[in-house]
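**Q** Have a look at the structure that comes next, please.
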Amino acid sequence: MFTFTDRFAGNVARRNIRRAAASVAAVAALISLAACGSASANGGATGKSGAASSSGRIAVVASINQWGSVAAELGGDHVDVTNIMTKTNVEAHDYEPTSQDVARFGKAAVAVVNGADYDPWASKAAASTKATLVDAADTAGIKEGDNPHVWFSAKVRNATADAITAAYQKADPANKADYAKLNEDWHAKEKELESKIEETSSKTKGKPYSATESVAWYLADDLGMTDATPTGYAQASANESEPTPADIKGFQDALKDGSIDMLVFNTQEANSTTDQITGAAKSANVPIVELTEQMPAQYDNLLDWMDALVGQFADAA
């Protein structure tokens, strides 16, 4: 039987190749910066724990905007947050950092990365600095080979928020109480989201769904849903290979025969194959939840985005 773990273990070799390429790019950028003297090894550290921005606030760099939004909420007026990736048309898996990206990490007091081999270029760049590193996946024990889309997980969001707050309190102990209050406020919003997830799960629990890519697996799991993506297609997607015609037909047949109640479609990875799958879903009147891997521009923060997605799952149930 093809298990959930198998879905992500199968693509480790491919990601290792990409990670090596990204690491080489990051190292090259670091060497370039060192050679031209555009960034110091400690990023211009102030005090014992890291760098400050020109405004006197804590300089924070996040690899992806969804975690950057959390970092901004938890820091308030005490932080300046820079997000490296902000658009939905680029995958963090394949991103190659520029020398400017690496320089930003070099000047940060706190670096927030996703981890689980999702953004290895960012982990590499941050590790070469004195910035306090917050690895979102690592905060919840999620490792390379696991599903890396951890911002969809309530457990990871909570753990990462606390790790960011701890990093701020270390960097700026004079404002420790402020960070504690901002953390409390953030958790209150997260609890509202989790209450909505629990309420929605009364409609979604046990419902079989399939996905063109297992991006939102953690959210669907929090909603109590059952992943019924046909094995052949799921394995091809996890291995980042093309599904066979038989895999595609099997998926289309499953949508037609009523064994799938909902289709989750990552529009960021739309192609001719997903067109066939979504077409079959529409023909069979199977509701489709459309989402992206990166946080869309219309959302100011991760929790608002998650709230909207939970609403979409509720409407489709």
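Here, each number is a calculation from the coordinates, and none is a lab measurement. This structure is a prediction, so every number in the text was calculated from the model and none was measured. Glycine gets a Cβ as well: all are built from the backbone with ideal geometry, and neighbour counts include every protein chain shown.
**Q** Treat the count of other C-beta atoms within 10 Å as a stand-in for reagent exposure and order 157, 104 from fewest to most.
**A** Result, fewest neighbours first: 104, 157.
**Q** Each label point is 7 Å from the Cα along the Cα-to-Cβ direction; what then is the distance between the points at residue 253 and residue 178, in nm?
**A** So the label points at residue 253 and residue 178 sit 6.3 nm apart.
**Q** Related question: Under 16 Å Cα-Cα from residue 249, which lysines qualify once same-chain neighbours fewer than 8 residues away are excluded?
**A** Once the sequence-local lysines are set aside, what remains near residue 249 is 282.
**Q** Along Cα→Cβ, 7 Å out, is where each label goes; now give me the distance between the ones at residue 185 and residue 221 in nm to one decimal.
**A** Each label point lies 7 Å from its Cα, and together they span 3.2 nm.
**Q** Arranged by the count of other C-beta atoms within 10 angstrom, fewest first, what order do 91, 213 take?
**A** Listing 91, 213 from fewest to most nearby Cβ atoms yields 91, 213.
**Q** Add +1 for every Lys or Arg and -1 for every Asp or Glu among the other residues with Cβ under 12 Å from the Cβ of residue 316, and state the total. Could the numbers behind the result be given before it?
**A** Values: positive: 203, 207; negative: 261, 290, 315.
Its environment carries a net charge of -1.
**Q** While we're looking at this one, here's another question. Fewest Cβ neighbours within 10 Å first, please rank 233, 118, 168 accordingly.
**A** Sorted ascending by nearby Cβ count, the order is 233, 118, 168.
**Q** Over all distinct alpha-carbon pairs, what is the Kirkwood Rh of region 197-316 in angstrom?
**A** Result for region 197-316 stands at 14.5 Å.
**Q** Applying 1/(1 + (r/R0)^6) with R0 = 51 Å to the Cβ-Cβ distance of residue 271 and residue 162, what FRET efficiency is obtained, to the nearest 0.05?
**A** Plugging the Cβ-Cβ distance into 1/(1 + (r/R0)^6) gives 0.85.
**Q** Taking Cα pairs under 8 Å and at least six residues apart, what relative contact order does region 208-317 come out at, in percent?
**A** Answer for region 208-317 is 26 percent.
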